[in-house]
Amino acid sequence: MSDDFHSVYGKIFQLQRLSDELLMKTRARATYDALRTEADACAEYNDEKGLAAATRELEKYGDEIPPHVTTEEFLDYHQIKAAMLRTLVREGDEDGLVDALAEAEEQLAAILRTADVRIVSFGYGHHNDRAPEELGAHITLDLRAHFRDPHVHPDLVTLTGLDLPVHRLVMDTDGIRDLLDATAAAVRAFRAGPSAGPVTVAVGCVGGRHRSVAFAVSLSTWLRDEAEAPTLVVEHMDIERPVIDRPAQS
């Protein structure tokens, strides 16, 4: 039984935790919204007693209004779900799992279509040294030749750009922050056009585990920090795939 299969159990627990968190968050916001609706209706129909009761309940929230579930939270849940099912399909290839994976992929695609900006990391080595055409990227960045490769460090090879040591190494590379600024400016320019629509940024390195992932995460932070932040989704296409065995290059 493969290591991928064993890692599924970790994803199952993570998926259950995220599911519970999203359910609790959704219920909390729904309760608050119902109270607001009740208060508005009581005010409209001069139901002073009902308005007072609803107002008392609303005052219990103070300044801590329950937030909505974000697109990013939904995306995180569905990405983990799809990744888990992909592994199970590879191991067992049962019809029921194939159908469940197809449904999960469609749910994931539906979320991605709602975003203003989609940032996707990938590995050229998994796609015949080309950016995946199915992404339909408006901006494609190739980080292979010009930026520090964590693959040269044996202790970082099995980590990813989501891990702090890898992320720090990539971000400390000369020129990377300038490229982040320039890419964020390019995204703003695309969105400001007269026919502005969703913008897809594809970021590639060799294996899609280190540089591209770290850059994608940082770019999302760059864009979220703007005054009028777009709705963002970040997808790591190849982060779950095996490390590519290749000569280390600095």
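The values are calculated or read from the model by the stated rules, or taken from the named source; none is laboratory data. Just so it is clear, the model here is predicted, and its values are computed rather than measured. Cβ: placed from backbone, ideal geometry, glycine included. Neighbour counts: every protein chain shown.
Before we move on, is residue 91 modelled with pLDDT of 85 or more, surrounded by fewer than 16 Cβ atoms within 10 Å (Cβ to Cβ) and assigned to a helix (DSSP H, G or I)? Explain how you work it out, then say what you get.
Details: modelled with pLDDT of 85 or more: no; surrounded by fewer than 16 Cβ atoms within 10 Å (Cβ to Cβ): yes; assigned to a helix (DSSP H, G or I): yes.
When the stated conditions are applied, residue 91 does not pass them.
Quick one: residue 234 ticks every box in (1) at pLDDT below 90; (2) more than 21 Å from residue 117 (Cα to Cα) except a single one, so which number is it?
It is condition (2) that residue 234 fails.
Among the residues of the range 98-125, write down those that are outside any helix (DSSP H, G or I) and buried (at least 17 other Cβ atoms within 10 Å of the Cβ).
115, 116, 117, 118, 119, 120, 121, 122, 123
List pairs: first residue in the range 178-199 and in the same structural domain as residue 219 (by TED's automatic domain parsing), second residue surrounded by fewer than 15 Cβ atoms within 10 Å (Cβ to Cβ) and of a type in the set (D, E, K, R) anywhere in the structure, Cβ distance under 8 angstrom, at least six positions apart or on different chains.
Listed by first residue and then by second, the contacts come to 184/226; 188/226; 198/113.
Assess whether residue 245 counts as being part of a loop (DSSP other than H, G, I, E, B), surrounded by fewer than 13 Cβ atoms within 10 Å (Cβ to Cβ) and either in contact with a helix residue (DSSP H, G or I) (Cβ under 7 Å, 6 or more places away or on another chain) or assigned by TED's automatic domain parsing to the domain that holds residue 122 (or both).
Taking the combined requirement at face value, the residue satisfies it.
What is the number of the single condition among (1) at pLDDT below 95; (2) within 23 Å of residue 117 (Cβ to Cβ); (3) touching a strand residue (DSSP E or B) at 6+ places or on another chain (Cβ under 6 Å); (4) buried (at least 19 other Cβ atoms within 10 Å of the Cβ) that residue 190 does not meet?
(4)
Pairs please, first residue from the range 95-116 and over 15 Å from residue 80 (Cβ atoms), second anywhere and in a helix (DSSP H, G or I), Cβ atoms under 7 Å, 6+ apart in sequence or on different chains.
Partner pairs satisfying both residue conditions: 97/85; 97/88; 97/89; 98/89; 114/71; 115/71; 116/191.
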